[in-house]
1. Condition first: within 16 Å of the ligand (Cβ to nearest atom) and over 17 Å from V6 (Cβ atoms). Can you find one or more residues in the stretch 142-163 that meet it?
2. If I filter the stretch 117-127 down to residues being touching a helix residue (DSSP H, G or I) at 6+ places or on another chain (Cβ under 8 Å) and assigned to a helix (DSSP H, G or I), which single residue comes out as farthest from E70 (Cα to Cα)?
3. I need a count of the residues in the stretch 8-20 that are more than 17 Å from F102 (Cβ to Cβ) and touching a residue at least 60 places away in the same chain (Cβ under 8 Å).
4. Taking G60, is it assigned to a loop (DSSP other than H, G, I, E, B), within 16 Å of the ligand (Cβ to nearest atom) and either surrounded by fewer than 17 Cβ atoms within 10 Å (Cβ to Cβ) or of a type in the set (F, W, Y) (or both)?
5. Could you tell me which residue of the stretch 163-197 is surrounded by the most Cβ atoms within 10 Å (Cβ to Cβ), considering only residues that are at pLDDT below 95 and outside any loop (DSSP other than H, G, I, E, B)?
6. For residues that are touching a helix residue (DSSP H, G or I) at 6+ places or on another chain (Cβ under 6 Å) and in a loop (DSSP other than H, G, I, E, B), scanning just the stretch 30-49, find the one that is nearest to I108 (Cα to Cα).
7. Please go through (1) within 15 Å of the ligand (Cβ to nearest atom); (2) loosely packed, with under 14 Cβ neighbours inside 10 Å; (3) closer than 30 Å to A166 by Cα for S19 and return the number of the only condition it doesn't satisfy.
8. Looking at the stretch 103-116 only, could you name the residues that are assigned to a strand (DSSP E or B) and either among the small types (G, A, S) or away from the ligand (no atom under 14 Å from the Cβ) (or both)?
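The values are calculated or read from the model by the stated rules, or taken from the named source; none is laboratory data. What you see is a predicted model; the values in this text were computed from it and never measured. Cβ atoms come from the backbone with ideal geometry, glycine included; neighbour counts cover every protein chain shown.
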Amino acid sequence: MKLFVVLTLFPEAMEAYASTSILGVARAKGLVRTEFVDFRDFARDRHRTVDDRPFGGGPGMVLKPEPIAEAVEWVEARHGACRKIALCPSGRPFRQAVAEEFLGPERILFLCGRYEGFDERIFSVLGFEKLSLGEFVLAGGELPALCAIEAVARLVPGVLGDERSAIEDSYSSTGLVGAAPDGARGLDHPHWTRPRVWRGAEVPEVLMSGDHAAIARWRARQADQALQARLKSMQRTVD
Ligand SMILES: C[S@@+](CC[C@H](N)C(=O)[O-])C[C@H]1O[C@@H](n2cnc3c(N)ncnc32)[C@H](O)[C@@H]1O
């Protein structure tokens, strides 16, 4: 079974999300296990301190390395060695290819930061890798960790009701990649459902034709157009 352990200061908030929807289903099916560990429980002082002022001055507080190290050692003593990932805005960008890569390790330990982030020695001494959910800054690593876990969990065979969903999803390495340029992955085609006419807008005729080859060709063209539009909007963002 795939194991995700998350070190966080907000285990209850994360547990509430992980016990519902697809993560709850993955758990119920016995395919994915998610555990949330409060690393404040590993602070040794009376006030259960996990942060301190930054050396060199400046605003905010920095997460101390000792409670994190003790929490990691406790987790690894129970479960065995884990791949260790710390959520950091400056880290390796998370994308579908990384989610697919994370299917490999049996156990992944995520570390959620708060305040100004971590003492650098959690990387050099404890061997955490940095992972970023994007070029923005949140107050903590909890949402990024849940995003990454959900993206990986839905790829675990048996978690989704229909395996084809993950194969045909945008950015999938296994789906049809249409006319994607080097390095870009294909997108899903757009979807329609009943009613056939809604507020004057009709479902495209081809989808009602029953001609599966024509539908497949039409969807591939639609996916290509979506990809070109996305690449153009990314170019605008860079400009
Ligand atoms: C306020 S942020 C710290 C930001 C840090 N001082 C910086 O500028 O890079 C607190 C914590 O939120 C998490 N976090 C915020 N934005 C993130 C992002 N885009 N990706 C991953 N983690 C993020 C990290 O765990 C981080 O340690």
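1. First pass over the stretch 142-163, keeping only residues within 16 Å of the ligand (Cβ to nearest atom): 142-152.
Of the ones still in play, those that are also over 17 Å from V6 (Cβ atoms) are none.
No, there is no match, as no residue in the stretch 142-163 is within 16 Å of the ligand (Cβ to nearest atom) and over 17 Å from V6 (Cβ atoms).
2. Filtering the stretch 117-127 for residues touching a helix residue (DSSP H, G or I) at 6+ places or on another chain (Cβ under 8 Å) gives 118-119, 121-122, 125-126.
Still in the list and also assigned to a helix (DSSP H, G or I): 121-122.
On the way: R121: 14, I122: 11 Å.
Selected residue: R121.
3. First, pick out the residues of the stretch 8-20 that are more than 17 Å from F102 (Cβ to Cβ): 8-17, 19-20.
If we keep only those that are touching a residue at least 60 places away in the same chain (Cβ under 8 Å) too, we end up with 8-10, 13-14, 17.
The qualifying residues number 6.
4. Details: assigned to a loop (DSSP other than H, G, I, E, B): yes; within 16 Å of the ligand (Cβ to nearest atom): yes; either surrounded by fewer than 17 Cβ atoms within 10 Å (Cβ to Cβ) or of a type in the set (F, W, Y) (or both): yes.
Spelling it out, G60 is indeed assigned to a loop (DSSP other than H, G, I, E, B), within 16 Å of the ligand (Cβ to nearest atom) and either surrounded by fewer than 17 Cβ atoms within 10 Å (Cβ to Cβ) or of a type in the set (F, W, Y) (or both).
5. Filtering first and then ranking leaves A166.
6. A43
7. Status for S19: all satisfied but (1).
8. As a first pass, look at the stretch 103-116 and keep what is assigned to a strand (DSSP E or B): 107-111.
Passing the criteria: R107, I108.
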